[in-house]
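The block underneath contains the structure these notes are about, expressed in C-alpha cells.
The values are calculated or read from the model by the stated rules, or taken from the named source; none is laboratory data. From a predicted model like this one, the values you see are computed outputs, not experimental measurements. Please note: Cβ atoms are built from the backbone with ideal geometry, for glycine as well, and neighbour counts cover all protein chains shown. The protein model used for the area step is the full one, side chains on, heavy atoms only, and it has no ligands, DNA or RNA in it. Shrake-Rupley method; radii C 1.70, N 1.55, O 1.52, S 1.80 Å.
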Amino acid sequence: MNRPTMILRRWSSRIRTSDTADYVRYIEETGFKDYRATAGNLGCQMLLRDLADGSTEVTTLSWWESLAAIEAFAGQPIDVARYYPEDDQYLLEKPQSVEHHRIAASDMRL
C-alpha cells in the first residue's frame, strides 16, 4: 500500500519560564495562524519543557503534505528558521535552522 509522504518540521529554542503563557498566546496568533493559512499544512503543536535554570524549552512541530508546502510557508532555503519581529522579546536563543523528517509510520490519536 502506497501512503502519501508526510513531512514533520521541528524547531526548538528557549524562553524564560515566566513568559510561558504570553509566548504560547503569541505563537498561536503568529506562527500557528500562518501555518493554518498555508495550503498543505496538516496541523501543528507546541511542546514545553521547564528546565532547572528558570528557562523553558519550546519545540514547535508542524506537519506538511510536501516540501513544496513547507517552501510556501518558510521560503527558500526551507531549513532556515522563520522568525517574527516580536520574537526577540521572548527568545533566549534564535537557532538558525530547523529539522525536517519524513513520517515513516504513525498511529496518532489526539
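The set of residues in the stretch 28-72 being out of contact with any helix residue (DSSP H, G or I) (no Cβ under 9 Å at 6 or more places or on another chain), outside any strand (DSSP E or B) and open to solvent by less than 30 Å² (accessible area, probe 1.4 Å) consists of Gly31, Phe32, Ala69, Ile70. Taking residues in the stretch 58-76 that are modelled with pLDDT of 95 or more and among the aromatic types (Phe, Trp, Tyr), and partners anywhere that are assigned to a loop (DSSP other than H, G, I, E, B) and open to solvent by less than 20 Å² (accessible area, probe 1.4 Å), the pairs with Cβ atoms closer than 7 Å and at least 6 places apart or on different chains are Trp64/Gly40.
To keep it simple, each residue is scored yes or no on (1) at pLDDT below 95; (2) not aromatic (Phe, Trp, Tyr).
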residue: Asn2; (1), (2): yes, yes
residue: Ile7; (1), (2): no, yes
residue: Tyr26; (1), (2): no, no
residue: Ala39; (1), (2): no, yes
residue: Arg102; (1), (2): yes, yes
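For the stretch 51-67, residues that are over 15 Å from Thr20 (Cα atoms) and among the hydroxyl-bearing types (Ser, Thr, Tyr) total 2. Scanning the stretch 73-110 for residues being among the polar types (S, T, N, Q), open to solvent by less than 80 Å² (accessible area, probe 1.4 Å) and farther than 28 Å from Ser18 by Cα gives a total of 0. Each residue in the stretch 13-27 was checked for being surrounded by 12 or more Cβ atoms within 10 Å (Cβ to Cβ) and either of a type in the set (Ser, Thr, Tyr) or on the phi > 0 side of the Ramachandran plot (or both), and 5 pass. Note on the stretch 74-110: residues that are not basic (Lys, Arg) and not in a loop (DSSP other than H, G, I, E, B) total 12.
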